[in-house]
Amino acid sequence: MAERLTAREAIGALTADFTESAAPAGDTAGDGPLGWAGYADSRARATARTGEQESVVHGTATVGGHPCVLISFEFGFLGGSLGQRTGDRLEAAYEEAITRRLPLVSLIATGGSRMQEGMIALTQLHRVARASARLRAAGPAQLAVLRDPTTGGGWATLGAGADVILALPGAQVGFAGSRVRPADADPAAYGAEGQLAAGSVDAIVPPGELPATVGRWLGLLAHHDAPPAPAPVPDALGATDLPRTGWDAVLRARAADRPRAGAYLDAYFGLRLPLSGDRCGGTDPGLLCGFGLREGRPVAYVAQCGTATRPAGYRTAARVIRLADRLGIPVLTLVDTPGAANDAEAERSGAGAAIADAFASIAAARVPVTTLVIGEGGSGGALALAAPDRTHVTPDSYFSVIAPELAAAILKRDPDRVRATAGQLRLRPQDLVDLGVARSVAGAPGRRAGAAEGG
């Protein structure tokens with residue numbers, strides 16, 4: 001179990017620069033909207049115990065040199081539950097973020113809605129969701145830090161609805177709190193680590209690393225109004241000479257010692273922070289996503305790692321591209337896949353819809369998307385993450401309507417015709433430039449026409 005700090009201890013552990021905002025005016029007298037006997041006394045005891053008038057504290061802060069609006073939950077005040085006055089404060093915090101055009105950081109520790117206010121408490125989730133949507137439309141990012149516990153409506157609005165979700169190790173995280181979940185439920189599913197594995201959390205961050213991590217994220221996710229310049233094309237890290245035949249291009253792209261996405265990202269970025277998961281229960285270890293700094297400038301990245309991309313990967317990619325588009329940050333995609341995963345589980349997980357969503361995210365992006373094909377460009381599974389007007393290729397890559405072996409099978413050709421089929425597909429880097437599919441061959445010492453295709 002993660003250490004339980006008070007609201008102000010959590011703020012103090014994150015930043016020394018916090019200015020509390022005035023609480024909205026509201027009637028806190030009596031036993032609440034339901035006339036729940038003893039509710040006023042419970043609130044009074046909670047105030048005496050914690051020194052707080054409600055379950056959240058909010059104000060402005062600076063973390064890592066970056067200003068933000070900060071919300072912190074006080075779990076000691078009726079379990080950090082959400083009531084009407086809590087909703088007032090949360091709505092005020094979102095409004096302050098909208099007015100000041102600042103990102104919002106939420107330090108969450110809540111057991112959910114407040115029983116003593118019944119449906120009035122539950123409807124505060126509508127208020128929070130509406131305020132969150134307004135802030136999202138205005139542009140600034142929302143970042144959540146999941147403390148212990150983060151359950152119920154607080155998880156399903158401020159937490160799971162944030163753009164970047166960080167969690168403390170061992171924190172209890174789940175829609176169902178410990179008192180209402182099935183008795184035989186797997187406890188791992190309700191923890192931060194389980195939510196990370198299920199694609200609902202971006203990273204587990206130890207408490208000592210939280211200030212630096214949040215500060216870096218705030219720097220990367222700053223909202224930009226001016227249209228950004230495209231992300232620079234990465235330098236090619238492998239071969240610089242062009243392949244002679246189509247089959248040569250295929251063999252190069254499939255070579256085990258060819259530079260992969262991790263090497264390209266390390267060479268390209270001075271700092272990068274990962275995002276993980278599709279928020280639908282899945283992750284794809286063969287896809288790297290996140291934001292990084294390229295010569296001091298933020299760039300979002302989506303990078304295939306040479307494996308068949310799974311539906312969760314496409315959904316994660318679409319999430320990152322849409323966030324970058326909202327924030328005015330250019331996108332870099334690195335294409336390297338034999339194709340989309342085509343096993344039965346991928347189909348059951350919505351492969352078609354996920355690929356369509358990736359296509360749509362790039363098609364709708366107002367920010368420039370730059371693509372470098374660094375290995376295999378296999379069919380629609382690769383094209384879904386490629387920019388239609390800003391794609392470049394490396395000398396050790398190919399891009400094809402489908403792998404030559406499968407093309408030969410579809411055309412009912414003998415296996416010994418695979419190499420010739422690769423040539424007919426015109427999939428070499430220089431062919432792709434000639435066809436207008438790619439703008440350039442990155443790292444090549446000039447355009448050189450390949451030898452005639454054949455073997």
- On the given criteria, is VAL433 crowded, with 23+ Cβ neighbours inside 10 Å, among the β-branched types (Val, Ile, Thr), modelled with pLDDT of 90 or more and out of contact with any His (no Cβ under 7 Å at 6 or more places or on another chain)? no
- Query: With respect to the numbered conditions (1) touching a residue at least 40 places away in the same chain (Cβ under 8 Å); (2) more than 22 Å from ARG322 (Cβ to Cβ); (3) touching a Lys or Arg at 6+ places or on another chain (Cβ under 8 Å), which one is the sole condition not fulfilled by ARG260?
  - Reply: (3)
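Residues checked against (1) modelled with pLDDT under 95; (2) under 27 Å from ALA256 (Cβ atoms); (3) among the hydrophobic types (A, V, I, L, M, F, W, C):
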site	(1), (2), (3)
ASP343	no, yes, no
ALA353	no, no, yes
ALA364	no, no, yes
ALA408	yes, yes, yes
ARG419	yes, yes, no
PRO429	no, yes, no
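Does GLU96 satisfy being touching a strand residue (DSSP E or B) at 6+ places or on another chain (Cβ under 7 Å) and among the charged types (D, E, K, R)? First the steps, then the outcome.
Working: touching a strand residue (DSSP E or B) at 6+ places or on another chain (Cβ under 7 Å): yes; among the charged types (D, E, K, R): yes.
Criteria met by GLU96.
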- Task: Taking PRO228 as meeting all but one of (1) in the same structural domain as ALA341 (by TED's automatic domain parsing); (2) at pLDDT below 95, write down the number of the exception.
- Result: (1)
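Look at GLY292 and say whether it is in the same structural domain as GLN430 (by TED's automatic domain parsing), buried (at least 18 other Cβ atoms within 10 Å of the Cβ) and of a type outside the set (Lys, Arg).
Values: in the same structural domain as GLN430 (by TED's automatic domain parsing): yes; buried (at least 18 other Cβ atoms within 10 Å of the Cβ): yes; of a type outside the set (Lys, Arg): yes.
Answer is yes for this residue.
Checking the condition in the same structural domain as LEU166 (by TED's automatic domain parsing), touching a Ser or Thr at 6+ places or on another chain (Cβ under 9 Å) and surrounded by fewer than 24 Cβ atoms within 10 Å (Cβ to Cβ), which residue from GLY286, GLY215, GLY306, GLY281 passes? Can you show your working first?
Working: GLY286 fails: in the same structural domain as LEU166 (by TED's automatic domain parsing); GLY306 fails: in the same structural domain as LEU166 (by TED's automatic domain parsing); GLY281 fails: in the same structural domain as LEU166 (by TED's automatic domain parsing).
Unique residue meeting the criteria: GLY215.
Out of the range 140-169, which residues are of a type outside the set (S, T, N, Q) and free of Cβ contacts under 8 Å to residues at least 40 places away in the same chain? Even if it seems obvious, please write down each step before you answer.
Taking the range 140-169 as the starting set, the residues that turn out to be of a type outside the set (S, T, N, Q) are 140-141, 143-149, 152-156, 158-169.
Matches in the range 140-169: ALA144, ALA156, GLY161, ILE165, ALA167.
Can you name every one of the helices (runs of 4 or more DSSP H) wholly within the range 384-448 that holds 1 or more residues which are closer than 12 Å to TRP247 by Cβ, of a type outside the set (A, V, I, L, M) and in contact (Cβ under 8 Å) with a residue 40 or more places away in the chain?
Details: elements: 404-410, 418-424, 429-435.
Helices (runs of 4 or more DSSP H) meeting the threshold: 404-410, 418-424.
Could you pull out the residue among THR150, THR86, THR123, THR157 that is over 17 Å from the mean Cα position of the chain (by Cα) and closer than 24 Å to PRO274 by Cα? Give the derivation first.
On the way: THR86 fails: closer than 24 Å to PRO274 by Cα; THR123 fails: closer than 24 Å to PRO274 by Cα; THR157 fails: over 17 Å from the mean Cα position of the chain (by Cα).
Step by step, each of THR150, THR86, THR123, THR157 is checked, and only THR150 is over 17 Å from the mean Cα position of the chain (by Cα) and closer than 24 Å to PRO274 by Cα.
The values are calculated or read from the model by the stated rules, or taken from the named source; none is laboratory data. Note that the structure is a prediction, hence the values are computed from the model and not measured. So basically every Cβ, Gly included, is an ideal-geometry build from the backbone, and we count neighbours across all protein chains shown.
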